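To keep things clear, I will list the structure first and then write my remarks on it.
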Amino acid sequence: MTITAVKNAVTEVLPPVTPEAYRQGMSSLAAAVNIVTTNGPDGPAGFTATAVCSVSDNPATLLVCLNRSASVHQVFKNSTHLVINTLTSQHQPISNLFGGKAPMAERFESGEWLTSKTGSPMLKDAAVSFDCIITDVKSVATHDVLFCQVVDITQDEDADALLYYQRGYNSACKNT
Ligand SMILES: Cc1cc2nc3c(=O)[nH]c(=O)nc-3n(C[C@H](O)[C@H](O)[C@H](O)COP(=O)(O)O)c2cc1C
């Protein structure tokens with residue numbers, strides 16, 4: 001029996017939980033809130049993302065999950081670089097702006113934006129900004145997983161963190 005056949009047999013006996021049950025469970029997984037930005041051939045673009053995760057420190061690699069149905073999907077697909085801007089508690093309004101349906105130009109009217117080494121918009125007062133080259137993309141279920149090699153980091157070690165938890169915003173302060 002091939003590994004694929006075994007996986008198919010297991011999935012028949014133990015199917016995945018429903019999307020609703022999954023979303024309910026995920027609401028208790030507190031996550032940092034980020035604005036992921038790029039400036040590729042299609043111009044500047046950005047979206048709010050909690051699906052951001054460390055992969056490795058050598059070479060420094062993060063991943064970002066992007067819904068293929070998002071309007072920004074094609075823009076990121078055509079780009080080679082991005083910045084992951086991790087937000088502070090001051091950034092709740094801009095998180096909603098980049099996480100909603102506002103036109104792209106309107107999104108960048110809020111916040112103070114610098115240009116990263118790779119040429120992507122970088123939020124000036126982010127807790128940390130990871131400037132990245134996109135090295136690989138894998139499609140899994142509804143999302144594209146973007147693997148990103150980190151080429152530069154700008155950090156404010158005194159910043160607090162904006163978290164998304166139980167379907168709402170929270171903040172976390174630095175331990176004293
Ligand atoms: C708190 C929050 C977290 C989000 N996390 C993600 C994410 O990890 N991946 C993703 O593809 N979309 C995520 N979204 C939704 C996108 O930000 C949203 O699809 C996009 O900004 C607007 O959709 P559009 O690009 O289709 O106009 C999140 C939205 C919010 C408010």
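The values are calculated or read from the model by the stated rules, or taken from the named source; none is laboratory data. Everything quoted here is computed from the prediction, not taken from an experiment. Note that we place each Cβ from the backbone using ideal geometry, even for glycine, and neighbour counts take in every protein chain shown. We work out accessible area using only protein heavy atoms, side chains counted, and drop any ligands, DNA or RNA first. Shrake-Rupley method; radii C 1.70, N 1.55, O 1.52, S 1.80 Å.
General observations
- For the chain, 53, 65, 173 stand unpaired, since no other cysteine beta carbon lies under 4.7 Å from theirs.
- A simple packing score, the average count of other Cβ atoms within 10 Å per residue, orders the peptides 53-62, 82-91, 13-22, 96-105 as 82-91, 96-105, 53-62, 13-22, with the highest score first.
- Spherically averaged projected area of the convex hull of Cα atoms, the chain: 12.2 nm².
- Length-normalised contact order for the range 60-176 - Cα pairs under 8 Å, 6+ apart - percent: 32 percent
- For residue 116, residues with placed amide H under 5 Å, excluding near neighbours: 122
- List 26, 1, ordered by accessible area with a 1.4 Å probe, largest first: 1, 26
- Phi-derived couplings, Karplus 6.51 cos²θ - 1.76 cosθ + 1.60 at θ = phi - 60°, listed residue by residue for the range 38-46: 8, 8, x, x, 8, x, x, 8, x Hz, with x used for Gly and Pro.
- Computed per residue of the chain from DSSP H runs no shorter than four, each worth -39500 (n - 2.57), the mean residue ellipticity at 222 nm is -5000 deg cm²/dmol.
- Calculated from backbone phi, Karplus (6.51, -1.76, 1.60) coupling profile of the range 17-34 in Hz, x at Gly/Pro: 4, 5, x, 5, 5, 5, 4, 4, x, 5, 5, 8, 9, 4, 9, 5, 9, 10
- Residues in the range 123-130 carry Karplus couplings, in order, of 6, 4, 9, 5, 5, 7, 10, 9 Hz; the curve used is 6.51 cos²θ - 1.76 cosθ + 1.60 with θ = phi - 60°, and Gly or Pro positions show x.
- Distance between the 7 Å Cα→Cβ label points at residue 7 and residue 92: 4.1 nm.
- The count of lysine pairs in the chain that are at least 8 places apart or cross chains, and whose C-alpha atoms lie under 29 Å apart, stands at 11.
- With DNA, RNA and ligands ignored, accessible area of residue 131 (1.4 Å probe; Å², nearest 10): 0 Å²
- Two-site FRET efficiency, residue 160 against residue 31, from Cβ-Cβ distance with R₀ of 22 Å, rounded to 0.05: 0.90
- In this rough spin-label picture, where each label sits 7 Å from Cα along the Cβ direction, the residue 175-residue 80 distance is 4.1 nm.
- Entry for the range 32-134 at q = 0.10 Å⁻¹: log10 I(q)/I(0) = -0.23, Debye formula applied to identical alpha-carbon scatterers, no solvent contribution.
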